[in-house]
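Here the structure comes first, spelled out in structure tokens, and everything after it is commentary.
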Amino acid sequence: MTLIDPVLLKSRLGAMAGRFDVDVLAECDSSNSELLRRAEQGAPAGSVIVAEQQTAGRGRRGRQWLSAPATSLTFSLLWRFDGSAAKLSGLSLAIGAGLARALEQLGAQGICLKWPNDVLLRNGDDYAKLAGILIELASDRRGTQVVIGIGLNLHPPAGDLPQPTAGLSQAMGTLPERHTLLAAILIALAEILEIVTVNGFFAVKNEWQARHAWQGQAVQLLADAETPLIGRCLGVDADGALLLDTGTSIERIFSGDVSLRRHG
């Protein structure tokens, strides 16, 4: 499969082409790591690294995320915000909503979201992971720089994996051409980021919650060396915190360093 062509991608971006500076790498350790290095050297907002193959891709909680052009689309986007990172609560959820919006506009069905940063594909009563989001923040005199890493499975990954996984090919009759797919995602992310910059996560909360896989269902939260917390999932609040009805109280969960699973 040929590499993403930045010139062809620009034509797909249309009027939004000027918002992005795209570089395509045949191979790198991690698109997030590479973009973080470039951000430190002054890369502008809207910089995008597309990694056709990752050798040390990173997911949430230190998990590995490998990629290959025939089976996945992996890229990172740099955005800058004025002010502190404290204003960016719920950002990973907003990015998930933007990604889901783009996929649905292209014809994908069964797209759901899982707190705090997974995109799932519904299969009957079950769900499988379709995409992951990794957001990394850094602050400097210019404000807060955000590197948003996205790994999207185009086809179901092979091998023995720790959780059910899916590919976009299972959500639609025909996969869109990769330039069209990436352009649609970048445009949707820019729209979401502009909304969050002005109004915060609250402005897209309902959009996220409408796709919430386990809304109203019994779930358990697992953290390392701690007793599982069990309750009914009520969705999220205006800050992106998970709301869990334990039967005795409503718990607000902020830390993403937990594993959320269906209970029972």
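Computed from the coordinates by the stated procedures, all read-outs in this text should not be read as laboratory data. Bear in mind the structure is a predicted one, so any value in this text is a computation, not a measurement. Please note: Cβ atoms are built from the backbone with ideal geometry, for glycine as well, and neighbour counts cover all protein chains shown.
A few comments on the model shown:
- Förster radius 22 Å - calculated FRET efficiency between residue 37 and residue 3, Cβ distance, rounded to 0.05: 0.60
- Phi angles of the range 8-21 translate, via the Karplus equation with coefficients 6.51, -1.76, 1.60 and θ = phi - 60°, into HN-Hα couplings of 5, 4, 4, 5, 6, 6, x, 5, 8, 4, x, 7, 10, 10 Hz per residue; Gly and Pro are given as x.
- Comparing 110, 247, 151 in a Gaussian network model of the chain where C-alpha atoms under 10 Å apart are linked, the largest mean-square fluctuation is found at 247.
- Highest average packing first - 192-199, 86-93, Cβ atoms within 10 Å: 86-93, 192-199
- Rounded if a/c under 1.5, otherwise prolate or oblate - the range 218-262, Cα gyration tensor axes: oblate
- Listed residues 21, 29, 126, most fluctuating in the chain (Gaussian network, C-alpha, under 10 Å): 126
- Between the helical axis of 178-199 and the longest alpha-carbon principal axis of the chain there is an angle of about 60 degrees.
- Anisotropy class of the range 74-202 from Cα gyration tensor, a/c 1.5 cut: prolate
- Gap separating the Cα centres of the range 119-182 and the range 214-236, nearest whole Å: 23
- Candidates 123, 144, 74 compared by Cα position along the dipole of the range 6-210: farthest toward the positive end lies 144, with charges placed on Cβ.
- Which labelled figure in (i) 112; (ii) 134; (iii) 154 is volume of the Cα convex hull per residue in Å³, once derived from the coordinates: (ii)
- Estimated vicinal HN-Hα couplings, Hz - the range 230-243 in sequence order (Karplus 6.51, -1.76, 1.60; Gly, Pro = x): 10, x, 9, 7, 9, x, 10, 9, 5, 9, x, 6, 6, 9
- Within the same chain, lysines fewer than 8 places from residue 114 are excluded, and of the rest, those with a Cα less than 27 Å from its Cα are 87, 129, 205.
- Global form of the range 123-264, assessed from the alpha-carbon gyration tensor, a/c cut-off 1.5: oblate
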